[in-house]
Amino acid sequence: MKALFGLLVLLVFTPALASAADSLGEVTPRMAVVEVEGPMSGGTIRLGDHLTTVVLQLESGETRRLRVPFSATQAELDTLELDFDFEGGTARFLEWEAPGAEQRWERLPAGLRGRPIPAPSGVRARPTPLAFGMLAGGLLLVYLLRSRPVICVLVGGGAAVLLVLLPAVEEVGSSRTVVLEGDSRSGSWIRIEVRDGVLEVELERLLRLGVVPGGAAVDWVVQPGSPGPAIFKASVRSTPGARLVSAEAFERPLLSGGGEATLGLVDFRASWTRAATSGAEIEARGAWPSGEPLPAIRADDPPPGWLVAGLPPGTEVLLGRVELSGGEQAWLRLFHFPIRD
């Protein structure tokens with residue numbers, strides 16, 4: 001019986017390792033309006049377990065009104081008070097700002113809102129080979145020592161403790177992925193970015209912010225602009241292999257006018273289309289230079305599975321791997337694309 005207990009102690013950690021790469025938590029920030037007065041050389045503002053660092057220099061008597069983000073729930077906003085810790089000067093809370101991100105999200109076409117923030121499988125966390133090795137070794141030792149129950153329990157418990165203390169997840173794939181999603185009927189676009197560790201966001205364009213794995217704590221750094229716009233950086237606190245996933249409004253037009261199936265301002269390294277007919281398959285088109293007509297169907301590699309997942313049925317779709325201005329690489333998904341073969 002004790003040997004069985006040692007085996008169960010080890011196995012209880014297996015689901016945690018398997019799910020570390022898959023969960024996506026919502027951390028879209030809520031904005032507090034705060035007034036600060038110098039002399040001041042920065043500081044921190046805490047709301048329960050949520051922390052925002054302010055990078056700011058103020059002279060004696062100088063005042064500034066700041067917008068301070070916290071990735072907190074509405075319940076936390078209602079029950080917790082802000083705790084200020086500034087180097088000199090004073091600070092006071094004025095009000096909570098209306099959640100503008102939710103309003104911007106609701107103005108998007110239903111097709112774009114219907115897709116949650118994706119976490120591309122190529123940029124996520126997974127159990128490390130060390131974690132797998134320790135789990136397998138622990139299970140083997142528990143089996144071999146099953147006739148010695150006390151040692152079996154100690155081995156199982158020790159391996160479980162090591163799985164908690166040692167790095168259990170690793171980064172997979174690129175540290176950054178950009179996905180552009182659009183609706184050609186409305187002209188609406190969103191830009192999704194997946195990054196590890198730290199992500200700089202434009203709050204006026206932000207629609208959604210998530211973290212992988214879900215439940216990881218997210219802190220903020222605010223650097224008020226002088227005279228430019230303020231800089232807002234979200235960072236994941238002490239979670240190896242974590243990813244931040246942002247969805248922002250994207251306003252640069254990618255398609256040329258006139259409703260023709262030609263593309264402007266961007267080169268496709270690879271492209272795929274799907275017709276609106278029921279049961280239509282994804283068809284490869286290959287490279288597509290800017291301003292050229294849509295290439296003919298050809299035999300080529302299919303797009304990544306995560307790019308195809310969740311495509312709305314009965315809708316013409318364009319998928320691609322594109323190069324934006326400045327050499328930035330991105331994936332693209334466009335609904336209601338006018339295919340003209």
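The values are calculated or read from the model by the stated rules, or taken from the named source; none is laboratory data. Small disclaimer: the values here were computed from a predicted structure and weren't measured. Every residue, glycine as well, gets a Cβ built from its backbone with ideal geometry; the counts of neighbours run over all protein chains shown.
Among the residues of segment 52-73, those identified as surrounded by 15 or more Cβ atoms within 10 Å (Cβ to Cβ) and in contact with a Gly (Cβ under 6 Å, 6 or more places away or on another chain) are Val54, Leu56, Leu58. Against the numbered list (1) in contact with a Gly (Cβ under 9 Å, 6 or more places away or on another chain); (2) surrounded by 13 or more Cβ atoms within 10 Å (Cβ to Cβ), Leu319 comes up short only at (1). In segment 74-91 there is no residue matching the filter, namely being among the polar types (S, T, N, Q), in contact (Cβ under 8 Å) with a residue 24 or more places away in the chain and either surrounded by 15 or more Cβ atoms within 10 Å (Cβ to Cβ) or under 24 Å from Gly228 (Cβ atoms) (or both). Within segment 310-325, the residues that satisfy the criterion of being out of contact with any strand residue (DSSP E or B) (no Cβ under 7 Å at 6 or more places or on another chain) and free of Cβ contacts under 8 Å to residues at least 40 places away in the same chain are Pro313, Gly314. Restricted to segment 55-76, and to residues there that are over 31 Å from the mean Cα position of the chain (by Cα) and hydroxyl-bearing (Ser, Thr, Tyr), the residue that is farthest from Gly38 (Cα to Cα) is Thr63. Considering only segment 267-289, I want to know if a residue exists there that is loosely packed, with under 15 Cβ neighbours inside 10 Å, within 30 Å of Val201 (Cβ to Cβ), modelled with pLDDT under 80 and in contact with a strand residue (DSSP E or B) (Cβ under 9 Å, 6 or more places away or on another chain). Among the residues of segment 267-289, not one is loosely packed, with under 15 Cβ neighbours inside 10 Å, within 30 Å of Val201 (Cβ to Cβ), modelled with pLDDT under 80 and in contact with a strand residue (DSSP E or B) (Cβ under 9 Å, 6 or more places away or on another chain), which makes the answer no. When Val322 is tested against (1) closer than 30 Å to Arg65 by Cβ; (2) modelled with pLDDT under 90; (3) part of a strand (DSSP E or B), only condition (1) is not met.
Within segment 158-211, the set of residues being at pLDDT 85 or above and either more than 29 Å from Val317 (Cα to Cα) or part of a loop (DSSP other than H, G, I, E, B) (or both) comprises Val198, Leu199, Glu200, Glu202, Leu203, Glu204, Arg205.
When restricted to residues that are assigned to a loop (DSSP other than H, G, I, E, B), touching a residue at least 24 places away in the same chain (Cβ under 8 Å) and not acidic (Asp, Glu), segment 298-308 contains 3.
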